[in-house]
Every structure is written in structure tokens, then in C-alpha cells.
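Structure record follows, encoded as C-alpha cells.
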Amino acid sequence: MKVLRWFLLVCGLALVLTQLASAIDKPYEGISADELMKIKYQIKYTKFARDYQSTGDVWLISKGGFKRHRKFLRARIILNRESDGMDYKDYVAFTEPRSVKGLGILTWTYIDPNKEQDVWLWLPSLKKIRRISQSQADDAFLGSDFTTEEITIRRWQDETYQIIGEEKFKGYQCEFDGKTYYEGLDCYIVEARPKRKDWYYSKRVVWIDKNTGGNVFDEIYDTLGRKARTIFREYKDYGNGYWTQTLLECKNLRTGHRTVVTFDEIKFDSGLKEMFFTEKSLMRSKW
């Protein structure tokens, strides 16, 4: 009976802790800009799960409508390990077409925001692995309209934030599928400015879903204060607090070029092994 009582007590405590965690990971009335952006990044990097994996498609689309298509896989393991300060490890690799097959990037992110991430780029055509430094994070991510920072490196501590308003989102007309997304969605509007001096953008204006904390739309301004790019994100609810992006559309407002990313076969907590997220695994990938 004592064993049973202890078992029930532990289960009850676990349930309470789960409910508390769930409550913390949602926006609330009077939330600060910093706390709101913490939630946004928890969602972006699936910090609610033990691991994440997906496949997907990338379309690189010129202003004239010419399309280049690529397929990819992405995997992430969330460690939050105090012994070595490791937060999570993230892996992205192209699987098609043959010309870019195996091209991949591996990122190790640490709990300490002052510790620079370890980032490796594998170039299979050259059989060469290259380290990417924080100062190179403004490079285009694998030839897309996104930067490397936007996809794998940026942490919430890298910017300063201010909530500048609240409004119903006007909706986003997606050029890729013609649909209008999130019209009338209640959002916080956050202004984000980089802490790094002389960086590639002066600020971002970010629309955050009041209910979930998901970042649905960005306007990115260049160093002269001109609106340079926009990024739209669609999210899907997988239940149990698992909420992740399934569609991205990034548009360069100067060139008219767009990058569209769709995610498929999304899986959580499938038991990924940490040994998969190493330099050797990156170089030996046979996708």
C-alpha cells in the first residue's frame, strides 16, 4: 500500500508539474516582451519535445516564376544538459536533387547565451567540412532567401524587444498556394533589434499569436531602415502542447525572389540518438 501511495503521489506531482509547464509556455495578460519571445523560441526549436524530425520541400522561386525544387530532412534533439551546458543539437540536409544531395548543416547550441554555437557545413561535392562562425550567420542559408541565423542560430537573447502594439492580424496572402492565412488573428506586435553592432538588419517587426506564442509574420528592415524582406509562418497543432511550423514563405522585396518551405512527416519523441548529431555523421550521410 505504501508503494501504491508513493506511486500515486509521484504521478500526481508529475501531472501538476506538466500543467504548470503548459501554463508557463503560453502568453498571458501583461506578459513582458522578453517572456513572449522566450515562448516564441521554445516553439521554433520544439523545446517542448525530447526530439523532432521531419522531411520537407524547398522551392526557390524567381520574380518571373522560375522554380528550383529541393527536398530535405531535419532532425533535432533537445538535451538541456547542465553537465556540459548543451541545450540542443540540430541537423538539416538536402536529399534531392542529386546536385545538392548530402549538403548539410549541423548546429550545437548551448544553454549559456554567451557561448558561441558550434556550426558545421558539409560540402559533399568537395568532400569538405567548413566551420561557420557567428559573424557569418548573415550568409544565405543553403542558397535560400533566409539567413543562416534565421534558420539555425538566432537565440532570443540575441536581440532586445519591445511590445509596440496589439492588433488583429490583417491576414497573409500566400503567393505559393493562393490562400489567406490568419486573417483577424489576435496578435502582439513586437519590435526586435539586434544586440550585435553593424549587423545585416536594423530591426524586425514581429507578429505573435496571443493564444499560442507562435511567430506568424516578420518584417525585416535593412541597416538604412528600409523594409527588405518578409517571412510568413503557418503552424499546426499536434496535440499535447506540440505546436510547430509547417509552411514558411520568405520574400525578398527588392528582387521579388521567394523561398517556400513545407514540412511533412513530422515526428516528435521518436527516440533519436545523440550520436546522429556529430561531425562524422554529417560527413557520412548518404541521403
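Could you tell me which of the residues E159, E149, E175 is in contact with a Phe, Trp or Tyr (Cβ under 9 Å, 6 or more places away or on another chain) and either surrounded by 14 or more Cβ atoms within 10 Å (Cβ to Cβ) or among the charged types (D, E, K, R) (or both)? Talk me through it step by step, then tell me what you get.
Values: E159 fails: in contact with a Phe, Trp or Tyr (Cβ under 9 Å, 6 or more places away or on another chain); E175 fails: in contact with a Phe, Trp or Tyr (Cβ under 9 Å, 6 or more places away or on another chain).
When all the criteria are applied, what remains is E149.
Just checking, which of L272, L282 is more than 16 Å from the chain's Cα centre (by Cα), buried (at least 19 other Cβ atoms within 10 Å of the Cβ) and modelled with pLDDT under 95?
Working: L272 fails: modelled with pLDDT under 95.
On inspection, the qualifying residue turns out to be L282.
Go through (1) under 21 Å from T46 (Cβ atoms); (2) assigned to a strand (DSSP E or B) one by one and return the number of the condition S270 breaks.
Among (1) under 21 Å from T46 (Cβ atoms); (2) assigned to a strand (DSSP E or B), S270 violates only (2).
Please return the ranges of strands (runs of 3 or more DSSP E) entirely within the stretch 55-116 where 1 or more residues are within 16 Å of the chain's Cα centre (by Cα) and of a type in the set (K, R). Reasoning before the result, please.
Numbers: elements: 67-81, 86-96, 104-110.
Output list reads 67-81, 86-96.
For the list (1) under 15 Å from the mean Cα position of the chain (by Cα); (2) surrounded by fewer than 20 Cβ atoms within 10 Å (Cβ to Cβ), I need the number of the one condition that L248 fails.
It fails just one condition, (2).
If I ask for residues that are loosely packed, with under 15 Cβ neighbours inside 10 Å, of a type outside the set (S, T, N, Q) and within 16 Å of E175 (Cα to Cα), which ones from the stretch 255-269 would you list?
Hit for the stretch 255-269 is G256, nothing else.
Only one residue in R70, R74 is touching a residue at least 12 places away in the same chain (Cβ under 8 Å) and surrounded by 21 or more Cβ atoms within 10 Å (Cβ to Cβ). Which one?
Of the residues listed, the single one that is touching a residue at least 12 places away in the same chain (Cβ under 8 Å) and surrounded by 21 or more Cβ atoms within 10 Å (Cβ to Cβ) is R70.
What do you reckon, is F276 touching a Gly at 6+ places or on another chain (Cβ under 7 Å), of a type in the set (F, W, Y) and more than 28 Å from S32 (Cβ to Cβ)?
In short, no.
Does L79 qualify as being at pLDDT below 95, among the hydrophobic types (A, V, I, L, M, F, W, C) and surrounded by 19 or more Cβ atoms within 10 Å (Cβ to Cβ)?
Against the criterion (at pLDDT below 95, among the hydrophobic types (A, V, I, L, M, F, W, C) and surrounded by 19 or more Cβ atoms within 10 Å (Cβ to Cβ)), L79 does not qualify.
Of all residues in the stretch 84-114, how many are modelled with pLDDT of 95 or more, over 23 Å from R68 (Cβ atoms) and of a type outside the set (S, T, N, Q)?
12
From the residues in the stretch 151-177 that are of a type in the set (D, E) and either modelled with pLDDT under 90 or part of a loop (DSSP other than H, G, I, E, B) (or both), which one is nearest to E219 (Cα to Cα)? Before the answer, list the steps.
Of all residues in the stretch 151-177, those of a type in the set (D, E) come to 158-159, 166-167, 175, 177.
Now restrict to residues that are either modelled with pLDDT under 90 or part of a loop (DSSP other than H, G, I, E, B) (or both): 175, 177.
On the way: E175: 16, D177: 20 Å.
The residue in question is E175.
Looking at the stretch 96-118, can you tell me whether even one residue there is surrounded by 14 or more Cβ atoms within 10 Å (Cβ to Cβ), closer than 27 Å to R254 by Cα and touching a strand residue (DSSP E or B) at 6+ places or on another chain (Cβ under 6 Å)?
Checked against the condition, which is being surrounded by 14 or more Cβ atoms within 10 Å (Cβ to Cβ), closer than 27 Å to R254 by Cα and touching a strand residue (DSSP E or B) at 6+ places or on another chain (Cβ under 6 Å), the stretch 96-118 yields at least one hit.
The values are calculated or read from the model by the stated rules, or taken from the named source; none is laboratory data. What you see is a predicted model; the values in this text were computed from it and never measured. A quick note on method: Cβ atoms are made from the backbone with ideal geometry, for glycine too, and the neighbour counts reach across all protein chains shown.
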